[in-house]
Every structure is written in structure tokens, then in C-alpha cells.
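So the structure is just underneath, and the comments pick up after that.
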Amino acid sequence: MTDPLFDVSGRVAVVTGGMGQLGAVYAFGLADRGMKVAIFDVTGGDVPTGARAYEVDVTDRASIEAALQALEQDWGPPDLLVNNAGLDSPPDAPADEVGPFESYPEGSFDAVMDVNVKGTFLTCQVVGGAMARAGKGSIVNVSSIYGLLSPVQDLYAFRRERGETFVKPVAYSVSKSAILNLTRYLATYWAKSGVRVNTLTLAGVWNEQPAEFLAAYTARVPMGRMLDAEEALGAVVFLASDASSYVTGSNLVVDGGWSAW
Ligand SMILES: NC(=O)c1ccc[n+]([C@@H]2O[C@H](COP(=O)([O-])OP(=O)(O)OC[C@H]3O[C@@H](n4cnc5c(N)ncnc54)[C@H](O)[C@@H]3O)[C@@H](O)[C@H]2O)c1
């Protein structure tokens, strides 16, 4: 028996970055729960049964509009938008991107802000706007503990001890903290339109990180482990469902207690 509080079946979801590590978990998990899932991503990949993939660059308003129009024709207005597409600095980032703050490249700053902030802003304008017109919807904007608090540079000391230069870059943190207030702004702006807007703040997700990083990271987490990608899904289902009907403008922190001490 499905608990009606958490029943999302038949509803329409848009998941940006739905081909990535976490986005795929959301896309498959929401499709498993009977949602019609539209994946907006710049790359292709596995599409769950009942879902559709649209080639969308979230920094390009026209591509978001075209995908929304196509999906609305078949499914009607979306009930859920998960703004999950994001850029961090990859492990193989060029040296100057993971070098000292003082020389962090302006182009890298713009690229990260473009996807993480402007991309979320544009998708909220287009998809959130359609939700407001329909008088219903839930938006989940994804942030990070590095948007809530500073990165802990000590976690990367093992790389410096190996002789590498490594500073966790600034742009990701700046971009993810912007998400917190975009959420609050829109939660109040759309509060009487039936659209709820919340932030989902996640801690580091287990992804076969080097043992030295894992040891340093987990020592700082009260629960003593990284987040399993599947554990982020419960928060998305909660925010998509009627169980969260009075929740708006909030920040749901899924961090194993990282920010609690
Ligand atoms: N993995 C973590 O440890 C972690 C921790 C906290 C928060 N987060 C956040 O969760 C989200 C997903 O992270 P992930 O680890 O799954 O990342 P990922 O790199 O695996 O996936 C990101 C996805 O976004 C897509 N994307 C990038 N630019 C895009 C654009 N311009 N338009 C459309 N799609 C675009 C990529 O193609 C990719 O499929 C991000 O917002 C990230 O900041 C991740």
C-alpha cells in the first residue's frame, strides 16, 4: 500500500543534470515511484522506463523553454523541479583552478557561476513560471555543505603532502551559497501561487574517493561516513510529496551531522 502522504505517482518531474551521479538516482527513483520524469542535461545516458531525456543547457534559456514546451504537450505542467545540474572542479582540473585563491581564474569563476547560479535562476524562471501559472509545484534547489560553510582545506592536505598543489576552489562555495537565498526569495515570491521552493543541502557523496581523503572526511562527520547517493532520494521524495505541503523557504540539510558540531 502506498502512503498517500508520500505518493507522487502520476506527477511530472523535471530533473536537471539527471544523467549525473545524483541526478540519475533521482530520475530512476522518481520514475520507480510512478512519476513522469523529464531529464534536462547536456549529455546523454540511461533513461529510466517512463522517463524522457531532453538536451538542455541550463545556461541557455531557449533550450529550457523548448524542452518545457515539448514535455508540457504530452504531460502537462511539471509538479516537481529538481535543480541538480552543477559544476564543481573535477579531480583533473587544471592546476590554476585548484591553486591559490589569489590566482583562481576568472573564467573558471564565470563558468561555475553560470551553471550553478544562472542555470538554476533560468530554470526557475521558465519551469517555475509554468508551475506558478498552473498554481502548483515544488522546486528543490540543490546546494552543498560547502555553500553553507567553508570547505575544510585540511581534507586535501594529503594531496599537498604528495607534492601537488591543491586548494578546494572558491567558486563552487560562492555559487552554492547563492542557492540558499534564491530559494528564500522565490519561496516568498511564489508562496501564494501554490509553488513551494526549498534548498536541499548535501554533504559529500561516496564515490570511490582516495583512502586518505575518506579518512580525513569521515573523521569530521558525526555519523562517520559519507552520504550514499540513494540517501539523497528520500529528501527529494519528501519535498515532492504532500508530506511537505507546509514546507517552503527551508533548507533541508542531509549531511550526517557535518554542520551540527
Ligand atoms: N557529489 C557530491 O559529493 C555533492 C555534494 C553536495 C552537493 N552536490 C550537488 O549535487 C548536484 C549533482 O552532483 P553530482 O555529484 O551528481 O554531479 P555530476 O557531475 O555527476 O552530475 C552533474 C550533471 O549536471 C550536468 N550538467 C552540467 N552542466 C550542465 C548544463 N549547463 N546544463 C545541463 N546539465 C548540465 C552534467 O552533464 C551532469 O550530468 C550538484 O548540484 C552538486 O553541486 C554534490
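The values are calculated or read from the model by the stated rules, or taken from the named source; none is laboratory data. Quantities reported herein were computed from a predicted structural model and do not represent experimental measurements. All Cβ positions, glycine included, derive from the backbone under ideal geometry; neighbour counts span all protein chains shown. All accessible areas refer to the heavy atoms of the entire protein, side chains included, with ligands and DNA or RNA removed. Shrake-Rupley method; radii C 1.70, N 1.55, O 1.52, S 1.80 Å.
A few notes on this one:
- Region 222-250: number of residues that are crowded, with 19+ Cβ neighbours inside 10 Å and among the polar types (S, T, N, Q): 3
- Verdict on PRO100 being loosely packed, with under 14 Cβ neighbours inside 10 Å and under 27 Å from TRP258 (Cα atoms): yes
- Within region 8-25, considering residues that are under 18 Å from ASN116 (Cα atoms) and in contact with a helix residue (DSSP H, G or I) (Cβ under 7 Å, 6 or more places away or on another chain), the one surrounded by the fewest Cβ atoms within 10 Å (Cβ to Cβ): LEU22
- Of the set (1) over 21 Å from TYR185 (Cβ atoms); (2) in contact with a strand residue (DSSP E or B) (Cβ under 7 Å, 6 or more places away or on another chain); (3) open to solvent by 30 Å² or more (accessible area, probe 1.4 Å), all apply to PHE109 but (2).
- Scanning region 72-90 for residues that are out of contact with any strand residue (DSSP E or B) (no Cβ under 6 Å at 6 or more places or on another chain), within 16 Å of the ligand (Cβ to nearest atom) and not hydrophobic (A, V, I, L, M, F, W, C) yields GLY86, ASP88, SER89, PRO90.
- Comparison of ASP57, ASP32 shows that the only residue that is within 14 Å of the ligand (Cβ to nearest atom) and of a type in the set (Asp, Glu) is ASP57.
- Residue pairs whose Cβ atoms lie under 6 Å apart, separated by 6 or more positions or on different chains, with the first residue in region 209-229 and free of Cβ contacts under 8 Å to residues at least 24 places away in the same chain and the second open to solvent by 40 Å² or more (accessible area, probe 1.4 Å) and charged (D, E, K, R), are THR218/ARG225.
- Of all the residues in region 135-153, those that are part of a helix (DSSP H, G or I) and touching a residue at least 60 places away in the same chain (Cβ under 8 Å) number 2.
- Flag if LEU200 is open to solvent by 20 Å² or more (accessible area, probe 1.4 Å) and either among the aliphatic types (A, V, I, L, M) or assigned to a helix (DSSP H, G or I) (or both): no
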